[in-house]
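Enquirer: Can you read through this structure? Questions will come right after.
The values are calculated or read from the model by the stated rules, or taken from the named source; none is laboratory data. The structure displayed is predicted, hence computed values, not measured ones. Positions of Cβ are backbone-derived with ideal geometry, glycine not excepted, and every protein chain shown enters the neighbour counts. These accessible areas exclude ligands, DNA and RNA; they are computed on the full protein's heavy atoms, side chains included. Shrake-Rupley method; radii C 1.70, N 1.55, O 1.52, S 1.80 Å.
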Amino acid sequence: MYPTRRLQRFRSSSAVRQLVSETRLSASDFIYPIFIDETISSSEPIDQLPGVRRFSPDAAIEECFSIAQLGIPAVLLFGIPKNRDATGSAASHVDGGVQRVLRTLSQACPELYLISDLCLCEYTRLGCCTTEDEQDTLHLDATRQRYVDIAISYAQAGAHCVAPSGMVDGAVKSIRLGLDQAKFFDVSIMSYAVKYASQFYGPFRDAVKSSGDRQISRLTHQLQPTQVREGLLEAELDDSEGADFIMLKPAGAYLDMLVRLRMQTQLPLVAYQVSGEYAMLKHAAAQGLLDERGAFEEVYIGMKRAGADLIVSYAAKALLSSWQHDV
Ligand code: PBG
């Protein structure tokens, strides 16, 4: 006897497959990372991130306009400074590359949500996420103070949101207090709350030219990959300290954490497909092992199925361009 519940009915045409689709991908799911390099005059490719470029501040502004035109609602800005020092002082320069891009876009491109990555690792000589002065608690106090200064500098330049990515205890609380004291009540915080010490950040170090980085172990402040409850605690703390968005990073190897975080927090949940995860797919596609667009879509659908509201993706621009060609 053929079963009365014939699930194949849901699969028999493209129309019915669309009707019953439980998970959808659209332009508004994506946040696109932009690398702003103060040392170059237009743009250049990033060898280890095929298809992604570094931009001068002026070229980054142009790039952001084309991102907005594709319907992508948000960009995540990373800065590469001319000079690095022990306190990452370039990160809060009023005329820094990120600040220049923020000032122009916040006026000229109001439809784009402007998020600034907030960390010291692109701005310190050794590539640490903290200041380089190694005096334990004092040094973390100094780091939190630097984060506040940088957050205020981004807010003054027009950022809608700052994204602290250093996993420093108490950073969200300090930044929230600092922004409120400076009367930036409407500037949001997207916390890299659940961030694992991952091998998959490799190509990012090339993207931000952070060479000293390789010698530094992130295990002293990022989560070791074995942790579940500690990750949930990080998210709970950042939620209570005033985070507006909770980020999980990397996403691909930690989909179980997306499911768990979805059940724990009512805040928007952001999944970051990091540089190594992106590069793996690009290289496999270049070898003809899989269809690039299909593979990226499948991975992103997986993140949404697991509970992500938003996805940080280096592939978003190419993906959205290919969708536009379809219509
Ligand atoms: C730190 C930061 C990193 C990434 C985003 N923000 C590097 C790190 O924590 O080591 C990695 C992103 C990626 O690999 O795509 N500012």
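Enquirer: Hey, among Ala171, Ala142, Ala108, Ala155, which residue is within 16 Å of the ligand (Cβ to nearest atom) and either surrounded by fewer than 24 Cβ atoms within 10 Å (Cβ to Cβ) or of a type in the set (Gly, Ala, Ser) (or both)? Working first, answer last.
Expert: Numbers: Ala142 fails: within 16 Å of the ligand (Cβ to nearest atom); Ala108 fails: within 16 Å of the ligand (Cβ to nearest atom); Ala155 fails: within 16 Å of the ligand (Cβ to nearest atom).
Exactly one of Ala171, Ala142, Ala108, Ala155 is within 16 Å of the ligand (Cβ to nearest atom) and either surrounded by fewer than 24 Cβ atoms within 10 Å (Cβ to Cβ) or of a type in the set (Gly, Ala, Ser) (or both), namely Ala171.
Enquirer: Now a separate question. So for segment 257-279 (the condition being within 16 Å of the ligand (Cβ to nearest atom) and basic (Lys, Arg)), does at least one residue qualify?
Expert: Within segment 257-279, the subset within 16 Å of the ligand (Cβ to nearest atom) is 270-279.
The next check asks that each one be basic (Lys, Arg); those that pass are none.
Looking for residues that are within 16 Å of the ligand (Cβ to nearest atom) and basic (Lys, Arg), one finds none in segment 257-279, hence no.
Enquirer: Could you give every pair whose Cβ atoms fall below 7 Å, whose first residue belongs to segment 8-20 and is open to solvent by 90 Å² or more (accessible area, probe 1.4 Å), and whose second residue is hydroxyl-bearing (Ser, Thr, Tyr), counting only separations of at least 6 or pairs across chains?
Expert: Within 7 Å, no pair qualifies.
Enquirer: Determine whether segment 292-304 contains at least one residue that is within 20 Å of Ser198 (Cα to Cα), open to solvent by less than 10 Å² (accessible area, probe 1.4 Å) and in contact with a Ser or Thr (Cβ under 6 Å, 6 or more places away or on another chain).
Expert: No, that holds for no residue.
Enquirer: Please determine, by comparing only the residues of segment 174-208 that are over 30 Å from Ser56 (Cβ atoms) and surrounded by 18 or more Cβ atoms within 10 Å (Cβ to Cβ), which one is nearest to the ligand (Cβ to nearest atom). So that I can check it myself, show each step before the final result.
Expert: Filtering segment 174-208 for residues over 30 Å from Ser56 (Cβ atoms) gives 174, 176-177, 180-181, 183, 185, 193-194, 196-197, 199.
Those still in the list that are surrounded by 18 or more Cβ atoms within 10 Å (Cβ to Cβ) too: 174, 176, 193-194, 196.
Values: Ser174: 17, Arg176: 19, Ala193: 13, Val194: 13, Tyr196: 10 Å.
The residue in question is Tyr196.
Enquirer: Name the residues in segment 305-327 that are outside any helix (DSSP H, G or I), buried (at least 17 other Cβ atoms within 10 Å of the Cβ) and aliphatic (A, V, I, L, M), would you? Explain how you work it out, then say what you get.
Expert: Going residue by residue through segment 305-327, those that are outside any helix (DSSP H, G or I) are 307-315, 327.
Narrowing further to those that are buried (at least 17 other Cβ atoms within 10 Å of the Cβ): 307-308, 310-315.
Ala308, Leu310, Ile311, Val312, Ala315 - these are the residues of segment 305-327 that are outside any helix (DSSP H, G or I), buried (at least 17 other Cβ atoms within 10 Å of the Cβ) and aliphatic (A, V, I, L, M).
Enquirer: Here is a follow-up. In segment 213-223, is there at least one residue being hydrophobic (A, V, I, L, M, F, W, C) and within 29 Å of Asn83 (Cβ to Cβ)?
Expert: yes
Enquirer: Taking the stated definitions as given, is Glu241 away from the ligand (no atom under 13 Å from the Cβ), in contact with a Lys or Arg (Cβ under 9 Å, 6 or more places away or on another chain) and open to solvent by 20 Å² or more (accessible area, probe 1.4 Å)? Walk me through it before giving the result.
Expert: On the way: away from the ligand (no atom under 13 Å from the Cβ): yes; in contact with a Lys or Arg (Cβ under 9 Å, 6 or more places away or on another chain): yes; open to solvent by 20 Å² or more (accessible area, probe 1.4 Å): yes.
It is true that Glu241 is away from the ligand (no atom under 13 Å from the Cβ), in contact with a Lys or Arg (Cβ under 9 Å, 6 or more places away or on another chain) and open to solvent by 20 Å² or more (accessible area, probe 1.4 Å).
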